[in-house]
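Remarks on the structure that follows.
The numbers here are math on the coordinates, done by the rules we state, and not lab data. This one's a predicted model, so the numbers in the text were calculated from it and none came from an experiment. Here the Cβ positions follow ideal geometry from the backbone for every residue, glycine too, while neighbour counts run over all protein chains shown.
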Amino acid sequence: MRRWREPAAIAAEIERIRLLPFDALQRNWKLVFGRLPPASLSKDLLGRMIAARLQERAFGGLDRDSLRFLQSLARQERLPRRQLKTGTVLVREYQGCRHTVTTVRDGFEWKGTRYSSLSAIARAITGTSWSGPRFFALQRAGEGGKPRRKPAADPDEGRRRREADLADNIRGSSAASHLATAPHE
């Protein structure tokens, strides 16, 4: 692939790529990326990705921080903590009462009192332990915090356990003689 330097020439090449037929885009992809394109990519996406590579070669790629962020997303790592700017106002309605929290330089302010964390405010509002970011909808359930438990190795294990418990309960009752013990499918 040619090395382009002039923005006008790059724009013209991108326009040319946009007008190529699908089979020509597939051949161009192989030249640019050194392998066959994924079969599921549309003509539009093939053209856009080739154009992006052309621009990357001409103007440079992403900075190190952006690359690291994208790599963490690809590995499904936790995202960096969201940083709230001073003056950001968070509003949460809880049990019919609206609570307004303002981000200040050294924490948060709620009802004229400064707190070091949103979790402390959520605990003051609810009377129970809460994740402040989750309470104020800054993070969804399952993001951050403790890792989730792994699913059972066998998805039918829980059902089998319940059936075994039920069978044990039935055996202990007088109705046990009236029930068949054929396995369920």
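For Cα pairs less than 8 Å apart in space and 6+ apart in sequence, what is the mean separation divided by the residue count of segment 89-135, i.e. the relative contact order in percent? If you can, show how the numbers build up before the last one.
Working: 61 pairs, mean separation 10.2, N = 47.
Reported relative contact order: 22 percent.
Hey, can you rank 64-70, 127-133 by average C-beta count inside 10 Å, highest first?
The packing order, highest mean first, is 127-133, 64-70.
Viscosity 0.890 mPa s, temperature 25 °C: give me the Stokes-Einstein translational D for segment 89-135 in µm²/s, with Rh taken as the Kirkwood radius over C-alpha pairs.
232
Take Arg134, Arg98 and order them by how many other Cβ atoms sit within 10 Å, fewest up front.
Final ranking by Cβ density, sparse to dense: Arg98, Arg134.
Across the Cα atoms of segment 1-127, what radius of gyration and what greatest pairwise Cα-Cα distance (Dmax) are found, in Å?
Here Rg and the maximum Cα pair distance are 24.7, 66 Å.
Label-point separation (nm) for Lys30 and Asp65, each offset 7 Å from Cα along Cα-to-Cβ?
Distance between label points: 4.1 nm.
I'd like the Karplus ³J(HN,Hα) series for segment 118-125: coefficients 6.51, -1.76, 1.60, θ = phi - 60°, whole numbers in Hz, and an x wherever there's a Gly or Pro.
Those phi angles translate into 5, 5, 5, 5, 4, 5, 5, 6 Hz.
Could you state the orientation-averaged shadow area of the convex hull built on the Cα atoms of segment 7-65, in nm² to one decimal?
Values: hull surface 18.3 nm².
Orientation-averaged projected area of the Cα hull: 4.6 nm².
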